[in-house]
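Take a look at the structure below.
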Amino acid sequence: MRVEWPNLPSVSTEDDRPRHASGYSDSGAFAAGPESYSGAGTSNLFDEGGYSTQSTTILPGSTPYDAITDEPVAVSRPFWHGGADLGLLVLRLVAGGLFIAHGLQHLFGWFQGKGLSALADQLAGFGYHDTTALAWVTGISELVGGTFVALGLFTPAGAAAMLGVLVNVIVVKFSGKNFAGDVELELLYAAAAFAVLFAGPGRVALDRPTPWYRHAPAYGIAFLLIAAAASVTVLLVFR
């Protein structure tokens, strides 16, 4: 509001003090119009519709201030960084690539593999029945799950497929006589799949525009339950 008197300079009642980053928030608070001062419109004075939970960007060299106390405040920084993305990429490529190779060994006999018949015989030795069908399921799970994880595409489904296979392998191979039960390699694979399932694929992935990329822990829990249910079903039905 500007008040003018005859023969006197103009006097401004606007607060001309400079604003800090995250400082005074009165600008625009009373801009909703006269209706803001009457009846139900009063709530427009403090309309928070434009606010979000996103972190405020603070420009380099500026200092955030508390809007009430006008004191400098600490700003939380995101913990994620490029090193985490690189680490997840390497983890995905190695674990997923090795699972792809195992799937190709079991399905087609590639990479010095022995094919489906050898896998079916191995499953029979572990006490499974209907081993031909189970060998197909195992080989496809390895190939598809490894491909998804390596590409960062449908990552929760791929990691869950890997975990489903690994749980069965660990259960049937575990031995209490030796260190780590003779399943050290399987435990490492399972840990890699579990990490990708809950951390997500990282930014170097095809899943970036998807909900399961933005909410990896929630989808991780859901697909972990799916993997557990599939593993228990195979153990109970086929063994």
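Key figures for this structure:
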quantity: Candidates THR147, THR155 - the one that is touching a Pro at 6+ places or on another chain (Cβ under 6 Å) and polar (S, T, N, Q); calculated: THR155
quantity: Counted residues, region 101-135 - those being part of a loop (DSSP other than H, G, I, E, B), polar (S, T, N, Q) and either under 17 Å from SER231 (Cα atoms) or touching a residue at least 40 places away in the same chain (Cβ under 8 Å) (or both); calculated: 0
quantity: Candidate set: region 155-197, residues that are touching a residue at least 24 places away in the same chain (Cβ under 8 Å) and farther than 23 Å from VAL234 by Cα; chosen: the one surrounded by the fewest Cβ atoms within 10 Å (Cβ to Cβ); calculated: ALA195
quantity: Residue tally, condition in contact with a Pro (Cβ under 9 Å, 6 or more places away or on another chain) and on the phi > 0 side of the Ramachandran plot, over region 192-239; calculated: 1
quantity: Output for region 202-239, where each listed residue is in a helix (DSSP H, G or I), buried (at least 16 other Cβ atoms within 10 Å of the Cβ) and within 13 Å of the chain's Cα centre (by Cα); calculated: TRP212, TYR213, ALA216, TYR219, GLY220, PHE223
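Coordinate-derived values only; no laboratory data. Given the structure is predicted, the values throughout are model-derived calculations rather than measurements. Because the Cβ atoms are built from the backbone with ideal geometry, glycine has one as well, and the counts that use them run over all protein chains shown.
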